[in-house]
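FYI, it's all coordinate maths here, none of it is from the lab. What you see is a predicted model, and the numbers here were worked out from it, not measured in a lab. Quick reminder, even Gly has a Cβ in these numbers, built from the backbone with ideal geometry, and neighbours come from all protein chains shown.
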Amino acid sequence: MHVEQYWKTDNNKWIFSEFADENTSLNLASVPCQILLADIYDKVDFNAKV
């Protein structure tokens, strides 16, 4: 499980963050939203063969 987040600051700089713990909350600044990584990947089967 891995999420990368980029966001732009008021002075046009980009900030990068990485998250891997399923119990971590991802906060979105542009819209009032907070979601757990576990919820993002809720229906993903990591053991499925492609």
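Quick notes on this structure:
- Karplus-derived HN-Hα couplings along the stretch 39-49 (A = 6.51, B = -1.76, C = 1.60, θ = phi - 60°), whole Hz, x at Gly and Pro: 6, 4, 9, 3, 9, 7, 9, 6, 9, 5, 8
- The chymotrypsin sites (Phe, Trp or Tyr not before Pro) found in the stretch 1-49 that occupy coil by DSSP, while having at most 13 further C-beta atoms within 10 Å, are PHE46.
- Rounded to the nearest 20 debye, dipole of the chain from Cβ charges on Lys, Arg, Asp, Glu: 200
- DSSP-loop trypsin sites (Lys or Arg not before Pro) across the chain, with at most 15 other Cβ within 10 angstrom: LYS13, LYS43, LYS49
- Here the label points at ASN11 and ASP42, each 7 Å from Cα along the C-beta direction, are separated by 4.0 nm in the simple model.
- Projected-area mean, the chain, by convex hull of Cα positions, square nanometres: 4.5
- Spin-label pair ALA20-GLU4: with each label point 7 Å from Cα along the Cα-Cβ axis, the two points sit 1.5 nm from one another.
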